[in-house]
Each structure stands twice: as structure tokens, then as C-alpha cells.
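What follows is calculated from the coordinates using simple rules that are stated; it is not laboratory data. All of these numbers come straight from a predicted model, not from anything done at the bench. Virtual Cβ from ideal backbone geometry, glycine too; neighbours counted across all protein chains shown.
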Amino acid sequence: MSDDVTRLAPMPVPAAGPTRTESEEDAAPGAPEEARSFATEEALEALLFVAERPLSRAEVARALGSDRETVDALVGDLETSLAVRGIRVVTAGEHIALATSPAAGEVIARYVGVEPGRLSPASLEVLAIVAYRQPVTKALVERIRGVDSDYTLRSLLHRRLLVEVGRADAPGRPILYGTGIDFLERFGLASLDDLPPLEATVAGRLVDIDGADGIVGAPDLDPDADGG
């Protein structure tokens with residue numbers, strides 16, 4: 001090879017600029033947007049308003065980008081804010097929903113043109129037993145009432161005033177019954193804590209003294225059952 005071969009000049013190296021910080025990297029185009037929190041009382045109210053069913057606290061927390069403790073606090077704040085309004089917050093266990101206030105029940109019924117069907121004395125009796133003693137089995141309801149309650153229980157389930165909340169840890173794994181959101185709405189309750197206190201004689205009838213209902217120990221709840 002010839003000694004006169006032209007040598008290529010090295011390419012100039014650009015001056016080193018400032019290094020981007022991690023926050024700048026996160027803000028770069030195409031980077032995932034940082035999760036936002038919408039944990040406000042207004043957002044909770046709007047979420048419950050558009051929901052077509054009661055929402056669990058876990059669902060609310062995910063939607064608001066928040067945690068369980070914050071959701072619990074927001075629910076309490078919203079309950080206070082709506083206490084004198086036509087809408088109420090109702091809670092049943094892990095589930096939350098909005099419902100019209102009892103004071104507005106008559107005008108809502110006039111607008112809808114439908115009056116809720118009256119409940120029979122037997123239905124009211126079964127509802128009272130389940131509401132104050134839940135979760136309960138059919139056997140315990142019948143033991144307290146002293147009569148067969150199969151038809152009444154099925155009727156209340158059909159009307160969604162009662163729900164199946166799991167299975168008892170007993171022979172045959174009998175169904176456990178409880179109340180849900182529809183029960184609270186029907187009777188104008190925000191939660192089971194609003195149930196009126198029972199007279200001592202009535203409360204005594206709901207105490208299972210000898211365990212004749214066959215339930216031994218705490219019930220084994222089925223996580224796949226609808227808790228209402």
C-alpha cells in the first residue's frame with residue numbers, strides 16, 4: 001500500500017451535556033404515566049352515583065387510586081355530608097352504595113308509580129331474626145320461630161332482602177343467610193348499626209343457648225358467595 005493514503009480525521013466528540021435525572025427519564029415520551037390519586041369526597045360520591053351495583057371497598061380503592069384506610073375515611077365524610085340530603089350512603093359489610101333517604105321514599109314512589117309490596121308478618125319475623133342474628137342457617141331460623149320457614153326464606157331471597165353469605169362449618173354445610181344492600185334501602189338504614197335495640201325478652205329469643213342449630217364454632221364463609 002502507498003504511504004500517501006489519506007488518513008481520515010477522527011469525528012469530533014460532542015461536549016457532554018447534563019445527565020438527565022430519574023424524574024426526567026420518567027417524564028420522557030413513551031414512559032408510563034405515574035398513577036394518580038382521585039381520593040376525594042366528590043370523586044367517591046360520583047363513583048357511587050354512576051355505579052350500577054354496590055361496590056366493594058377494594059373496588060373503590062382501586063378506582064380512586066387509594067388505599068383502604070383512605071376509603072373508609074372518605075365514606076365516613078360522605079355519610080356526614082349527605083346526612084341531611086335526599087341521598088344516603090348505605091354500607092353492608094365490604095359493600096357501599098347510594099340510596100334515597102327514607103324521607104324521600106313517598107315522593108320517589110309517586111314518581112315511579114310503584115309501591116313496594118307489603119311484607120307479611122312471617123316475612124318480617126324472619127327478616128328480624130336474620131338481621132339481628134346473622135349469619136344464620138335455616139335450621140336456626142326455624143328453631144327460633146318454631147315453624148317451617150323454607151318458603152319465607154326463598155321468598156325473601158327472591159326479593160333480594162336476604163342474601164346467601166356462605167356455608168356453615170357443620171355437617172351438610174348448610175347455607176348461611178344475611179342481609180344486604182337491598183334490605184338497608186328498603187328499611188331506610190345506612191348500616192346494620194342503625195337497627196333499633198331489641199327489648200330484653202325479644203333479644204333472649206334470638207340467643208342460641210344450646211347450639212341446636214348444629215353450628216359448631218365460627219362459620220366458614222365462602223369467598224365466592226355474594227355478600228351483598
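In terms of surrounding Cβ atoms within a 10 Å radius of their Cβ, E42, E52, E59 rank from fewest to most as E52, E42, E59. The modelled label-to-label distance between T40 and R118, using points 7 Å beyond Cα along the C-beta direction, is 4.8 nm.
How large is the Rg to Rh ratio of region 95-189 when both quantities use alpha carbon positions and Rh follows Kirkwood?
Numbers: Rg = 14.8 Å, Rh = 14.4 Å.
Ratio of gyration radius to Kirkwood radius for region 95-189: 1.02.
For region 41-105, the relative contact order is 34 percent, taking Cα pairs closer than 8 Å that sit 6 or more residues apart in sequence and dividing their mean separation by the residue count. Among D150, D193, D72, D182, sorting on how many other beta-carbon atoms sit within 10 Å of each Cβ, with the fewest leading, yields D193, D150, D72, D182.
Residue separation times 0.36 nm, minus the C-alpha to C-alpha distance between L192 and R154: what's the value? Each step should come with its number before you reach the end.
Working: separation 38, 0.36 × 38 = 13.68 nm, distance 2.18 nm.
Value of the extension gain: 11.5 nm.
Taking every C-alpha pair closer than 8 Å and separated by at least 6 residues, the mean separation divided by the residue count of region 117-205 gives a relative contact order of 26 percent. Estimated from the Cβ-Cβ distance and a Förster radius of 45 angstrom, the FRET efficiency linking A58 and A104 is about 0.90.
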